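The values are calculated or read from the model by the stated rules, or taken from the named source; none is laboratory data. The model shown is predicted, which means the values in this text are computed figures rather than measured ones. Because the Cβ atoms are built from the backbone with ideal geometry, glycine has one as well, and the counts that use them run over all protein chains shown. For accessibility, only protein heavy atoms count, side chains too; no ligands or nucleic acids. Shrake-Rupley method; radii C 1.70, N 1.55, O 1.52, S 1.80 Å.
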Amino acid sequence: MNTHKNKDKLKRISFVSGEDFYFLTYLIIICLKEFSNKKLIFKDHRKLTFLMQIISSSTSVDILIENYGEGFLKPFDKEYLFDIYVKASLHQREVYKIVRSLEKSGIISVIDTEKIDCYNIEVKDIDLFNSFFDTDLFNRELNNTAILKSHFKSINILGLDGLIGKFFTEYGLNLWAN
């Protein structure tokens with residue numbers, strides 16, 4: 001049997017994708033690793049939930065890339081991106097709890113910003129942080145991240161509104177205020 005399929009089966013057995021705190025933690029760590037600046041600072045923690053949902057789905061990455069600049073999506077694509085947005089919005093509280101848990105463990109530090117509800121995240125324990133990537137179980141998510149980054153530059157510079165604009169409203173989705 002194909003090794004890729006075996007790893008996908010193992011991941012499905014090990015994690016209830018999108019619901020499991022361990023899976024969400026890995027997605028957070030992937031986002032912090034891949035979207036932080038050179039000083040290992042991720043700007044605006046609120047973006048995490050949206051990036052996590054996008055990179056966990058090859059379909060969403062494909063939709064974003066294939067339809068870039070179109071401003072118009074096929075009904076399935078529009079519904080799929082809207083579903084990603086809704087799932088991300090629903091996971092904000094869980095992501096915040098995981099971020100605070102990672103801070104308490106000394107892996108990251110949470111940095112206050114001028115906005116009351118917005119924090120930047122700095123990776124503190126780089127060795128422990130990198131040890132999370134000793135497995136190839138999350139190669140698909142890492143690959144999705146690499147593809148996304150190659151098509152959309154400067155994701156870390158964007159604030160929450162900029163990210164939502166770039167990945168949702170510019171594709172014609174009508175969204176409620178976040």
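For region 30-44, what are the residues that are crowded, with 21+ Cβ neighbours inside 10 Å and more than 17 Å from D161 (Cβ to Cβ)?
I30, C31, L32
Can you say whether K47 is part of a helix (DSSP H, G or I), open to solvent by 80 Å² or more (accessible area, probe 1.4 Å) and closer than 18 Å to L175 by Cβ, as far as the supplied structure shows? If you could, list the steps in order and put the result at the bottom.
Details: part of a helix (DSSP H, G or I): yes; open to solvent by 80 Å² or more (accessible area, probe 1.4 Å): no; closer than 18 Å to L175 by Cβ: yes.
It is false that K47 is part of a helix (DSSP H, G or I), open to solvent by 80 Å² or more (accessible area, probe 1.4 Å) and closer than 18 Å to L175 by Cβ.
Can you work out which of the residues in region 50-73 that are open to solvent by 10 Å² or more (accessible area, probe 1.4 Å) and in a helix (DSSP H, G or I) is farthest from H151 (Cα to Cα)?
Filtering region 50-73 for residues that are open to solvent by 10 Å² or more (accessible area, probe 1.4 Å) and in a helix (DSSP H, G or I), the one farthest from H151 (Cα to Cα) comes out as Q53.
Every residue in region 122-160 that is surrounded by 14 or more Cβ atoms within 10 Å (Cβ to Cβ) and farther than 20 Å from V110 by Cβ, please.
Across region 122-160, the qualifying residues are F133, L137, F138, R140, E141, L142, N144, T145, I147, L148, K149, F152.
For K97, only one of the following conditions fails: (1) farther than 15 Å from T25 by Cβ; (2) modelled with pLDDT of 90 or more. What is its number?
Of the numbered conditions (1) farther than 15 Å from T25 by Cβ; (2) modelled with pLDDT of 90 or more, the odd one out for K97 is (1).
Out of all the residues in region 81-119, which are of a type in the set (K, R) and either closer than 16 Å to G159 by Cα or surrounded by 15 or more Cβ atoms within 10 Å (Cβ to Cβ) (or both)?
Correct list: K87, K115.
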